[in-house]
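**Q** Encoded as structure tokens, here's the structure I'll be asking about.
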Amino acid sequence: ASAVTGEVSMRAASLAWAARVVGVSTVASALRAGPLAATAPRSPRTRALAPRTLAAEATDGVTGTKFAEDDETKNPQRRPGHQVTGMREVDPETAARQERIRAHQEGCARLPWAEEIRTMAAQQKGFGVLSTVGTKEGIEGFPVGSVVGFAVDERGRPIFCFSSMSAHTKNLVGDARASLTVTEPSFQGAADARCVLTGRVTRVTDAAVADELRAAYIASHPGAFWANFGDFHLYRMEDLLDVAFVGGFARAGGVTPEEYMAAEVDPVAGFLGPVAAHMNADHEDALRSYVTELVGAAEVASAEMKRLDRFGFDVRIVDAATKSTGVLRVPFLDPVTDRKGIKDAIVQLSKEVAARQAAADEEG
């Protein structure tokens, strides 16, 4: 196998290691909108090609997602990269399938980054890693991470309810600079979305505002009875300075604080829990058919809905042959805005699958 070298985005450095060592693979970058009609026929019906191999590219093993991104619209910051070596070879049939999947995924409609980040930050019962500047003797000035609960206000600014005895509270009193790392609810690894909000976190001293934010915090964390204790106080990231985002492989960058705070929370994201639980428990076969028939993936051993928005949903898959994992996007035919719309859109996907299967059977 020939070694592959080239410019690889810094945002995918660790991902390249995962792909060549354990075969981890994910969805391609998707920054452009497009119709479902761009999907390819399901891969299992494709006739086998000659048993030869192609030189490996700097891509993953299921979708062919490129770790090197030359398109400036997807890498506007033109980040320098790393060299990738040791990528496994693929046969022509697999390479062609990966190209079809990549084209399909790039055509899927997705939330704008600002909305995706804003929606992720607004998750219910949210926990994240708050990094503060250490004040304890011996670690003064060092970053100190704490797993904390958070909610957001109407502009998406993180709010917290902290005990005066907590180490992160003492750090914030000494130095308000902090960052909050948030992941999507179904986060498992590098294929999944996360963001970092950086700014200054200060105590809310206005009693009326504090009461309002406390109510918002308890609404997001219904079991947080301690939020009403006398030694717990409300804090907020008043001065939001930076919003960084990684949406998966080859989807990294950021938005301005102004763009983030002006964005709306996706109207159907709150239905993810019940919809995903129902689909994963009772309709996994349907999810498998969506990724094979509509996206063009090879046979999958498992399929699990992991994210939902008005444009479609993401499915975490395990490839039946290679056991590699990945994330594939399944777009709705039309955007949805409510629970009934989600149900109708999924029914439409099933009808599309049935129509394609019938057409394939007629062709013999």
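**Q** Just need a number here: residues in region 260-271 that are modelled with pLDDT of 95 or more and part of a helix (DSSP H, G or I). Show your work before the answer.
**A** Restricting attention to region 260-271, the residues satisfying the condition of being modelled with pLDDT of 95 or more are 260-268, 271.
Still in the running and part of a helix (DSSP H, G or I): 260-262, 271.
Qualifying residue count for the region: 4.
**Q** With the condition kept exactly as written, say whether any residue in region 83-100 is among the basic types (Lys, Arg), surrounded by fewer than 19 Cβ atoms within 10 Å (Cβ to Cβ) and at pLDDT below 95. Explain how you work it out, then say what you get.
**A** First, the residues of region 83-100 that are among the basic types (Lys, Arg): 88, 97, 100.
This time we only want the ones that are surrounded by fewer than 19 Cβ atoms within 10 Å (Cβ to Cβ), so: 88.
Cutting the leftovers down to at pLDDT below 95 gives us 88.
Yes: region 83-100 contains one or more residues that are among the basic types (Lys, Arg), surrounded by fewer than 19 Cβ atoms within 10 Å (Cβ to Cβ) and at pLDDT below 95.
**Q** Further question on the same structure: Can you tell me which condition Ile218 does not meet? The list is (1) closer than 30 Å to Val336 by Cα; (2) out of contact with any Gly (no Cβ under 8 Å at 6 or more places or on another chain); (3) not polar (S, T, N, Q); (4) not in a helix (DSSP H, G or I), and all the others hold.
**A** Evaluating Ile218 over (1) closer than 30 Å to Val336 by Cα; (2) out of contact with any Gly (no Cβ under 8 Å at 6 or more places or on another chain); (3) not polar (S, T, N, Q); (4) not in a helix (DSSP H, G or I) leaves (4) as the failure.
**Q** So Ala190 clears everything in (1) assigned to a strand (DSSP E or B); (2) over 20 Å from Gln124 (Cα atoms); (3) open to solvent by 10 Å² or more (accessible area, probe 1.4 Å) except one condition, right? Which one?
**A** Of everything listed in (1) assigned to a strand (DSSP E or B); (2) over 20 Å from Gln124 (Cα atoms); (3) open to solvent by 10 Å² or more (accessible area, probe 1.4 Å), Ala190 misses just condition (1).
**Q** Take region 201-225 and flag every residue that is open to solvent by 50 Å² or more (accessible area, probe 1.4 Å), more than 27 Å from the chain's Cα centre (by Cα) and in contact (Cβ under 8 Å) with a residue 60 or more places away in the chain.
**A** None; the set is empty.
**Q** Being surrounded by fewer than 14 Cβ atoms within 10 Å (Cβ to Cβ) and of a type outside the set (Ser, Thr, Tyr) narrows it down to one residue among Ala263, Ala358; which is it? Steps first, answer last, please.
**A** Working: Ala263 fails: surrounded by fewer than 14 Cβ atoms within 10 Å (Cβ to Cβ).
Result: Ala358 is the single residue among Ala263, Ala358 that is surrounded by fewer than 14 Cβ atoms within 10 Å (Cβ to Cβ) and of a type outside the set (Ser, Thr, Tyr).
**Q** Also, I was wondering about something else. Kindly list, by first and then second residue, each pair from a residue in region 337-348 that is farther than 17 Å from Val315 by Cβ to a residue that is in a helix (DSSP H, G or I) and open to solvent by 20 Å² or more (accessible area, probe 1.4 Å), limited to pairs with Cβ atoms under 8 Å and residues at least 6 apart or on different chains.
**A** Pairs found: Arg339/Phe271.
**Q** Can you pull out every residue in region 232-259 that is in a strand (DSSP E or B) and open to solvent by 30 Å² or more (accessible area, probe 1.4 Å)? Working first, answer last.
**A** If we filter region 232-259 for residues that are in a strand (DSSP E or B), which is where we start, we get 232-248, 251-255.
Within region 232-259, Phe232, His233, Glu238, Asp239, Leu241, Asp242, Ala244, Val246, Gly254 qualify.
**Q** Still on this model: What pairs can you find where one residue is in region 350-364 and more than 14 Å from His283 (Cβ to Cβ), the other is assigned to a helix (DSSP H, G or I) and open to solvent by 50 Å² or more (accessible area, probe 1.4 Å), and their Cβ atoms are less than 8 Å apart, with a gap of 6+ or different chains?
**A** Pairs that qualify, where the first residue is more than 14 Å from His283 (Cβ to Cβ) and the partner is assigned to a helix (DSSP H, G or I) and open to solvent by 50 Å² or more (accessible area, probe 1.4 Å), are Ala360/Arg45.
**Q** Sticking with this one: With the structure loaded, tell me whether Arg288 is more than 29 Å from Ser220 (Cα to Cα) and either open to solvent by less than 40 Å² (accessible area, probe 1.4 Å) or out of contact with any Leu (no Cβ under 9 Å at 6 or more places or on another chain) (or both) or whether it fails that test.
**A** Working: more than 29 Å from Ser220 (Cα to Cα): yes; either open to solvent by less than 40 Å² (accessible area, probe 1.4 Å) or out of contact with any Leu (no Cβ under 9 Å at 6 or more places or on another chain) (or both): yes.
Yes.
**Q** Ok, one more. Restricting region 131-160 to residues that are open to solvent by less than 10 Å² (accessible area, probe 1.4 Å) and hydrophobic (A, V, I, L, M, F, W, C), which is nearest to Leu241 (Cα to Cα)?
**A** Among those residues, the one meeting the criterion is Ile159.
**Q** Could we say that Val295 is more than 17 Å from Leu272 (Cβ to Cβ) and open to solvent by 10 Å² or more (accessible area, probe 1.4 Å) here?
**A** Working: more than 17 Å from Leu272 (Cβ to Cβ): yes; open to solvent by 10 Å² or more (accessible area, probe 1.4 Å): no.
When the stated conditions are applied, Val295 does not pass them.
**Q** Could you tell me whether any residue of region 240-248 is within 24 Å of the chain's Cα centre (by Cα) and on the phi > 0 side of the Ramachandran plot?
**A** From region 240-248, those within 24 Å of the chain's Cα centre (by Cα) are 240-248; that's our starting set.
Adding the requirement that they be on the phi > 0 side of the Ramachandran plot leaves 248.
Checking region 240-248: at least one residue is within 24 Å of the chain's Cα centre (by Cα) and on the phi > 0 side of the Ramachandran plot.
**Q** For region 166-186, what are the residues that are modelled with pLDDT of 95 or more and either assigned to a loop (DSSP other than H, G, I, E, B) or of a type in the set (Gly, Ala, Ser) (or both)? Let's see the steps before the verdict.
**A** Let us first name the residues in region 166-186 that are modelled with pLDDT of 95 or more, namely 166-184.
Once the filter is applied, which keeps residues that are modelled with pLDDT of 95 or more and either assigned to a loop (DSSP other than H, G, I, E, B) or of a type in the set (Gly, Ala, Ser) (or both), region 166-186 yields Ser166, Ala167, Gly174, Asp175, Ala176, Ala178, Ser179, Glu184.
**Q** Right, next: Based on what the data block shows, is Phe127 more than 23 Å from Leu328 (Cα to Cα), of a type in the set (Phe, Trp, Tyr) and either free of Cβ contacts under 8 Å to residues at least 60 places away in the same chain or out of contact with any strand residue (DSSP E or B) (no Cβ under 9 Å at 6 or more places or on another chain) (or both)? Before you say what the answer is, go through the steps one by one.
**A** Working: more than 23 Å from Leu328 (Cα to Cα): yes; of a type in the set (Phe, Trp, Tyr): yes; either free of Cβ contacts under 8 Å to residues at least 60 places away in the same chain or out of contact with any strand residue (DSSP E or B) (no Cβ under 9 Å at 6 or more places or on another chain) (or both): yes.
Yes: the conditions hold for Phe127.
The values are calculated or read from the model by the stated rules, or taken from the named source; none is laboratory data. What you see is a predicted model; the values in this text were computed from it and never measured. Don't worry about glycine lacking a Cβ; one is built from the backbone with ideal geometry, like all the others, and counts go over all protein chains shown. In case anyone asks, the SASA skips ligands and DNA or RNA and just uses the protein heavy atoms, side chains included. Shrake-Rupley method; radii C 1.70, N 1.55, O 1.52, S 1.80 Å.
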